[in-house]
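Report on the structure given below.
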Amino acid sequence: MSLDYSELSEKYRPKKIETLLVAEGPPPSGERYFYLPTKMNPSRNIRNYRSLPATIFYHYFKSIPSSIEEYELFLLRLKERNIFLIDILDEPLKIRDRSSPDGVNKKNYDILISRIPKLKDKIYGRGISIPEDRIIFLLARTCYKKELVKEFPNSKFFRWIDFRLSYAK
């Protein structure tokens, strides 16, 4: 199964993006994606719910969708709030590697790092015009934060758990 991540996201893209969320990349399985509604477990403890959708939905709505239909409604609510998500990587790459001494797949991590200087061009190439201080990076890991800060010094940076447990008013 090969997903067209850009095409999937366009359905939920606001006309004017006021908040741009930036994540690492599509899940490594290549079969799931933030903009592909799926069933979630709303009774799961939010502190330990480590998915990107749970992180974003709980931050904005203090809730987790219980069905595919409700997930789609949450995506539409983000669109209404002019919030949009893109990824640094266009393809699913497994960064976490428990078999590696430092827990990171070095080759894929280097690919991620190499894409950061090209991210502004990617954003503009998708027709997104947004002030840098309206960009929020959602960090699955913080080891590449310094590279992001170098390219986006006026943006905001949150670890997933910190973003998930803070609530947008």
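From the list LYS118, LYS122, LYS156, the lone residue that is closer than 27 Å to GLU7 by Cβ and within 16 Å of the chain's Cα centre (by Cα) is LYS122. Restricting segment 36-50 to residues that are in a loop (DSSP other than H, G, I, E, B) and closer than 22 Å to ASP162 by Cα leaves a set whose member that is modelled with the lowest pLDDT is ARG50. Look through segment 25-50, keep the residues that are of a type outside the set (Ser, Thr, Tyr) and without any contact (Cβ under 8 Å) to a residue 12 or more places away in the chain, and return whichever of them is nearest to LYS122 (Cα to Cα). Looking at residues that are of a type outside the set (Ser, Thr, Tyr) and without any contact (Cβ under 8 Å) to a residue 12 or more places away in the chain, I get ARG32.
Pairing residues of segment 1-24 that are in contact (Cβ under 8 Å) with a residue 60 or more places away in the chain and more than 18 Å from ASP121 (Cβ to Cβ) with residues that are open to solvent by 80 Å² or more (accessible area, probe 1.4 Å) and of a type in the set (Asp, Glu), at Cβ distances under 9 Å and at least 6 apart in sequence or on separate chains, gives PRO14/GLU80. Across segment 89-104, the qualifying residues are those that are over 23 Å from LEU20 (Cα atoms) and within 18 Å of the chain's Cα centre (by Cα), and the one among them that is surrounded by the fewest Cβ atoms within 10 Å (Cβ to Cβ) is ARG96. Scanning segment 16-34 for residues that are out of contact with any strand residue (DSSP E or B) (no Cβ under 6 Å at 6 or more places or on another chain) and at pLDDT 95 or above, we see that the one that is farthest from ILE111 (Cα to Cα) is LYS16. Within segment 19-47, the set of residues being under 25 Å from ASN82 (Cβ atoms) and open to solvent by 80 Å² or more (accessible area, probe 1.4 Å) comprises ARG32 only. Of all residues in segment 51-88, those satisfying the criterion of being surrounded by 17 or more Cβ atoms within 10 Å (Cβ to Cβ), touching a residue at least 24 places away in the same chain (Cβ under 8 Å) and assigned to a loop (DSSP other than H, G, I, E, B) are ILE64, PRO65, ILE88. Taken as a whole, the structure leaves ASN82 outside the set of residues that are touching an Asp or Glu at 6+ places or on another chain (Cβ under 6 Å) and modelled with pLDDT under 95.
The values are calculated or read from the model by the stated rules, or taken from the named source; none is laboratory data. Note that the structure is predicted; figures quoted are calculated from it, not measured. Counting neighbours? That spans all protein chains shown, and the Cβs are built from the backbone with ideal geometry, glycine included. These area figures cover heavy atoms from the full protein model, side chains too; ligands, DNA and RNA do not enter into them. Shrake-Rupley method; radii C 1.70, N 1.55, O 1.52, S 1.80 Å.
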